[in-house]
Amino acid sequence: MTRASFVIASLLVAATGCLLVADAALAQVLAPTLFGTDARTLDSGAEPSWFRKVARTVDSGADLVLSRPTFWNSACNARGVTVTVTQPPANGTVSVTEGLNTANVNPKFGTAGRCSGMQIMGKQVVYRSRLGFHGTDVVVYEYVSDWGERAGATVIITVR
């Protein structure tokens, strides 16, 4: 987060009294998960600042959580978020479902405040390859909150 965007986010929180949240997968892009292992970030600098390019690895047929976009207000109540898969995988599927997510300690937008670690309803973006597929697949998605906060990613997935 740049200093300017931090100042804007801080002013927004001060003016509205609402805390904004983030997506654990994007806030900690290289964190290992139970569903796969992050390999490295591939950002070239040409993408918009809200967009990430990452590489992930998963076993064939296993679920890989790509993102858990979750937004909340100062009362720790869920806010709206829309997820759009702009490029579905050629060798698998992506599902976007509602689910409980843990409020990230270091969110992409705003601060976690007292909501940190709480379970809050959000979205879950999950990739699964075709059973028996081994190789590379690509998924592109983005999400936008009800207040217009935007993030997205191109995920290059190595299926072993």
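Being surrounded by fewer than 19 Cβ atoms within 10 Å (Cβ to Cβ), part of a strand (DSSP E or B) and either out of contact with any His (no Cβ under 8 Å at 6 or more places or on another chain) or at pLDDT below 95 (or both) is a condition met by no residue of region 14-22. M118 fulfils the conditions (1) touching a strand residue (DSSP E or B) at 6+ places or on another chain (Cβ under 6 Å); (2) modelled with pLDDT under 95 except for a single criterion, (1). Where strands (runs of 3 or more DSSP E) sit wholly within region 46-160, those with at least 3 residues that are surrounded by fewer than 21 Cβ atoms within 10 Å (Cβ to Cβ), of a type outside the set (S, T, Y) and free of Cβ contacts under 8 Å to residues at least 60 places away in the same chain occupy 92-102, 119-129, 135-145. If the condition is being at pLDDT below 90 and of a type in the set (D, E, K, R), then region 80-115 contributes K108, R114.
The values are calculated or read from the model by the stated rules, or taken from the named source; none is laboratory data. Bear in mind the structure is a predicted one, so any value in this text is a computation, not a measurement. Heads up, the Cβs are rebuilt from the backbone with ideal geometry, glycines too, and the neighbour counts pull from every protein chain shown.
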